[in-house]
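**Q** I'd like to ask some things about the structure below.
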Amino acid sequence: MEAQAQTEAAPSKTSALLQQQLCEAALYVSGRPLDFKTIGSVIGARSEEKIRSIARAIAERYAKIDSPIQVLELPDGRFVMQLRPEFVKNVRKLSNRPLLTPGPLRTLSFIALRQPISQSHVVRVRGKLAYQHVKQLKEMDLISYDKDRLGRSRVLRTTITFADYFNLNHDPVLMKKELKNVLDLTNQPQAEKAEETSSANQSDS
């Protein structure tokens, strides 16, 4: 009877290990945050509690071995596998993902914090190079044009790709809060005024 019980228990153990392996593989291959539904479709599970437990187990394993790779649980419940920030600068040149130079990155953060925002306002604050920045950001699918316009000017918003690229919430309100924390904009009105004054007086490449 004991031998039979051990035999019957083996498949469930194998299944649990396989689900964890599949979850880890999905996070590795995707290169972006995954929600419960996506992970569940890969590992063959529907219970959010079970999926969360499996993903958290993977995160704990990486943390215990002090790996340069980490698995994070985002505020909106999604999970992402990424390089720990302290290692990014050492291997940045090997990345296959397009990397933003300071100019386009500042324009992107300006748009993200103030969206929806007209392209004319972005150019007025960020300078004429913002036209090229906007083109590059749109080609990378980090921003998009709204169907509506403000007068003759197009209205800009960030995309889901932008949120996934920087591991931010999909909700614009929550995203802006996360961005302010990341950028340490504790006094937002003064920070914005200072940034706009600085940006208007300089050009970024």
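The values are calculated or read from the model by the stated rules, or taken from the named source; none is laboratory data. From a predicted model like this one, the values you see are computed outputs, not experimental measurements. Neighbour counts run over all protein chains shown; Cβ positions are idealised from the backbone, glycine included. The accessibility values were calculated without ligands, DNA or RNA, using every heavy atom of the protein model including side chains. Shrake-Rupley method; radii C 1.70, N 1.55, O 1.52, S 1.80 Å.
**Q** What is the distance in Å between the Cα centroid of the stretch 31-103 and that of the stretch 119-176?
**A** 25
**Q** Under the 0.36 nm per residue contour assumption, what length would be gained going from the current alpha-carbon distance of Tyr145 and Leu17 to full extension? Before the final figure, lay out the partial values.
**A** On the way: separation 128, 0.36 × 128 = 46.08 nm, distance 4.45 nm.
Additional length available on full extension: 41.6 nm.
**Q** Taking the Cα centre as origin and putting +1 on Lys and Arg beta-carbons and -1 on Asp and Glu beta-carbons, what dipole magnitude results for the stretch 52-157, to the nearest 20 debye? It would help to have the intermediate numbers written out before the result.
**A** Working: 22 positive and 9 negative charges, 93 e Å.
I would put it at about 440 debye.
**Q** Taking only the alpha-carbon atoms of the stretch 96-145, what semi-axes of the equivalent ellipsoid follow from 5 times the gyration tensor eigenvalues under a square root, in whole Å, largest first? Walk me through the numbers on the way to the answer.
**A** Values: eigenvalues 56, 27, 18 Å².
Listed largest to smallest, the semi-axes of the stretch 96-145 are 17, 12, 10 Å.
**Q** What pairs from Lys135/Lys177; Lys37/Lys135; Lys37/Lys180; Lys50/Lys135; Lys89/Lys180; Lys128/Lys180 go past 31 Å between their alpha carbons?
**A** Check vs 31 Å cut-off fails for Lys37/Lys135; Lys50/Lys135.
**Q** Also: Not counting ligands, DNA or RNA, and with a 1.4 Å probe, what is Leu137's accessible surface area in Å² rounded to the nearest 10?
**A** Leu137 has an accessible surface of roughly 0 Å² with all protein chains in place.
**Q** Same structure, new question: Round to a whole number: what % of the accessible area of the stretch 16-83 belongs to carbon and sulfur, probe 1.4 Å? Show your work: numbers first, answer last.
**A** Details: 2110 of 3940 Å².
Its accessible area is 54 percent carbon and sulfur atoms.
**Q** Could you state the accessible area per residue of the stretch 110-167 in Å², with a 1.4 Å probe and every protein chain left in place?
**A** Numbers: 3070 Å² over 58 residues.
Per-residue accessible area for the stretch 110-167 comes out at 53 Å².
**Q** Working from the pairwise distances between different alpha carbons, so that the mean of 1/r is found and then inverted, what is the stretch 127-168's Kirkwood radius in Å? Before the final figure, lay out the partial values.
**A** Details: mean 1/r = 0.0909 Å⁻¹.
Its Kirkwood hydrodynamic radius stands at 11.0 Å.
**Q** Kindly give Rg over Rh for the stretch 65-169, based on alpha-carbon atoms, with the Kirkwood expression for the hydrodynamic radius. Can you show the working numbers first?
**A** Numbers: Rg = 15.9 Å, Rh = 15.3 Å.
A ratio of 1.04.
**Q** Calculate the FRET efficiency for Ser67 and Val173 from the Cβ-Cβ distance with a Förster distance of 30 Å, rounded to the nearest 0.05. Let's see the in-between values first.
**A** Values: r = 33 Å, r/R0 = 1.12.
It comes out at approximately 0.35.
**Q** For the stretch 103-144, with all protein chains present and a 1.4 Å probe, just round the carbon and sulfur fraction of the accessible area to a whole percent. Could you put the intermediate results ahead of the total?
**A** Numbers: 900 of 1760 Å².
Carbon plus sulfur share of accessible area: 51 percent.
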